Amino acid sequence: MSALELHTEKPVTATRSFTVEQMLTKITEVLVVVILMGMVMAIWGSVFTRYITHDPIAWGEQVAKYLMVWAVMLGSSLGLREGAHISIGMVVKHLPEAARQVCSLLVYLIIAVFLVVGLIYGSIFAYNVRGHIDPVINDMSLFYAYVAIPSGCGLMLIQLFFNFRRGTPAISEGVALS
């Protein structure tokens, strides 16, 4: 190859394609980590100002509480994706395969209905409290705290769809008791 040919070749770039599911999961994971770091900083700041400077910040506990709700609601979607939520599979594992599939489908349906109800009523409630404020946190609208519920339900609904599409059983077989 001549020097001219080397310069005219297109560079080889390593590309990694992410699915929508992988991107959503990664974004959620990063958000949960950032929220947990914010929560730790708020609590640490609150403890520091209370016991070291003897001039406690008023908003530390409130911020930590709202961040905890957000972390739980977003983290629940990750738990749903990984099958980490509690399930009772002692009876299901003794059923024939067809009955297990019916049970799994029924569980998917029940979870989906619950999440849709949480999404709808959580959205209505968050909208209704948008005019209410938390005076401790600079007159912050409570909408920002309560919108965590429909956001988490929506993310869990999306992860539930991904699990269903992958064929992940909705009911684990549980842990054998000895």
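Details
- Hits in region 32-60 (condition: open to solvent by 80 Å² or more (accessible area, probe 1.4 Å) and in contact (Cβ under 8 Å) with a residue 24 or more places away in the chain): 59
- Meets criteria (modelled with pLDDT of 95 or more, of a type in the set (A, V, I, L, M) and closer than 18 Å to residue 63 by Cβ) for residue 147: yes
- Within region 72-108, tally of residues that are among the charged types (D, E, K, R) and surrounded by 13 or more Cβ atoms within 10 Å (Cβ to Cβ): 2
- Check on residue 24, part of a helix (DSSP H, G or I) and open to solvent by 70 Å² or more (accessible area, probe 1.4 Å): no
- The residue pairs whose first member lies in region 101-127 and is farther than 27 Å from residue 144 by Cβ, whose second member is assigned to a helix (DSSP H, G or I) and among the polar types (S, T, N, Q), and whose beta carbons are closer than 9 Å, counting only pairs six or more residues apart or on different chains, are 108/163.
- Members of region 118-142 that are open to solvent by 70 Å² or more (accessible area, probe 1.4 Å) and on the phi < 0 side of the Ramachandran plot: 120, 121, 124, 125, 127, 128, 130, 132, 133, 135
The values are calculated or read from the model by the stated rules, or taken from the named source; none is laboratory data. Just so you know, these numbers come straight off a predicted model, no measurement behind them. Glycine also receives a Cβ, built like all others from the backbone with ideal geometry; neighbour counts cover every protein chain displayed. Ligands, DNA and RNA are stripped out before the accessible areas are found, and what is left, the full protein with its side chains, is counted by its heavy atoms. Shrake-Rupley method; radii C 1.70, N 1.55, O 1.52, S 1.80 Å.
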